[in-house]
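The values are calculated or read from the model by the stated rules, or taken from the named source; none is laboratory data. This structure is a prediction, so every number in the text was calculated from the model and none was measured. Note: ideal-geometry Cβ built from the backbone for every residue, glycine included; neighbour counts use all protein chains shown. Quick note on the areas: whole protein, heavy atoms, side chains included, nothing else; ligands and nucleic acids left out. Shrake-Rupley method; radii C 1.70, N 1.55, O 1.52, S 1.80 Å.
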Amino acid sequence: MEYATNPIDGTRIAYRAIGNGQPLALLHGTALSSAIWRGFGYVGALKDRYQLVLIDLRGHGRSDKPRIAGDYSMNLMVTDVLAVFDAMGISSTHLMGYSLGGRVSLSLTTHAPHRLKSVIVGGGSSRPQDGVLDELFFPGCVDTLTNEGMSAFLDQWGAHRSTPIDSGTRIAFESNDATALAAYMRQSGSEPGIDDITLGAIDLPTLLFVGSEDAERFDDTRHIAQMIPGAHLVIIPGRDHSTTLAASSEVLGIVAPFLSALDRGADSRRQGLNEGKTLIQE
């Protein structure tokens with residue numbers, strides 16, 4: 001891993017570059033790390049065509065883990081990603097993020113659109129985040145993590161899920177610093193989101209995807225697609241928020257042609273994903 005330093009607060013952000021071609025930065029979700037992109041097969045599928053920039057968001061993976069909630073503001077997280085781009089000498093890149101990574105991607109799109117060629121958001125949200133983590137995990141999840149630790153958090157989350165927590169996810173969560181993760185979660189709940197006027201001003205090729213069973217983010221993702229001019233929305237059948245990204249063959253089946261069309265210089269609206277159309281991935 002290499003490290004970039006946030007110029008605002010000095011937090012070190014771990015990243016790794018793999019592959020050759022146009023840069024494509026990948027941002028993971030809450031309590032995970034950049035390792036998911038290799039584990040789910042994205043690195044193997046994309047590294048021959050893209051220089052993949054795998055970033056551990058602050059508080060996650062091998063990046064620094066502040067323990068104060070205010071150190072996880074969206075502004076700081078966006079600056080972290082830009083610091084990685086600067087360290088690598090990347091002037092502009094494709095960007096893909098899932099869940100938390102999708103929110104950071106959207107925020108970066110509004111803060112520094114000149115640094116992006118396109119944005120891909122899975123299971124994202126633009127609305128104010130108060131109460132959202134209680135919806136994604138279980139009511140009172142941050143207090144449980146703070147007061148009882150990760151094991152109790154995972155036990156209660158498992159009790160609220162319709163399917164068991166898979167071993168890979170459990171291992172990934174258990175590897176976190178619980179105090180730092182709780183600090184991030186508290187700050188996340190105070191984030192105001194992105195208003196519709198700002199979404200409507202986004203002028204970048206945009207692809208959104210969400211699982212058909214993602215009760216927490218289905219409407220949010222559809223709303224983003226409706227607000228961003230020309231955005232494409234693809235629904236992954238039978239997947240919820242925790243399992244959509246693991247459906248890598250289905251996700252890559254929409255991401256790869258979207259990126260390929262852009263890299264050929266083609267208008268993204270002509271690649272079989274018609275402007276403003278919602279598609280169900282078979």
For the range 128-138, in residue order, the Karplus 3J(HN,Hα) values (coefficients 6.51, -1.76, 1.60; θ = phi - 60°; whole Hz; Gly and Pro = x) are x, 9, 4, x, 5, 5, 5, 6, 6, 10, 6
Over the chain, what is the relative contact order in whole percent, taking alpha-carbon pairs under 8 Å and six or more residues apart? 17 percent
Over the chain, the sum of -39500 (n - 2.57) across DSSP H runs of at least four, divided by residue number and rounded to 500 deg cm²/dmol, gives at 222 nm -11000 deg cm²/dmol
The range 69-159: relative contact order in percent, alpha carbon pairs under 8 Å with at least 6 residues between: 22 percent
Please compute the length gained on full extension between Ala152 and Ser212, using 0.36 nm multiplied by the number of residues separating them and subtracting their Cα-Cα distance. 18.7 nm
Sorted largest first, extent of the chain alpha carbons per principal axis (Å): 53, 40, 38
Here the relative contact order (percent) of the range 1-142, from C-alpha pairs under 8 Å and at least 6 apart, is 25 percent
Determine the shape class of the range 1-86: with a ≥ b ≥ c the square roots of the Cα gyration tensor eigenvalues, call it rounded for a/c under 1.5, and otherwise prolate if a/b is greater than b/c, oblate otherwise. prolate
Highest-MSF residue in the chain out of Asp56, Asp155, Asp64 [GNM, Cα springs under 10 Å]: Asp155
At 7 Å along Cα-to-Cβ for each site, give me the label-to-label distance between Ala112 and Ser73 in nm. 1.6 nm
What accessible area, in Å² to the nearest ten, does a 1.4 Å probe give for Phe40? 70 Å²
Evaluate the Kirkwood expression for the hydrodynamic radius of the range 1-159, namely the inverse of the mean inverse distance over all pairs of different C-alpha atoms, and round to one decimal in Å. 16.2 Å
Accessible surface, per residue, of the chain when the full set of protein chains is kept, probe 1.4 Å, Å²: 41 Å²
How much of the accessible area of the range 12-120, in percent, comes from carbon and sulfur atoms when a 1.4 Å probe is used? 47 percent
Could you pull the accessible area for Arg161 with a 1.4 Å probe, rounded to 10 Å²? 50 Å²
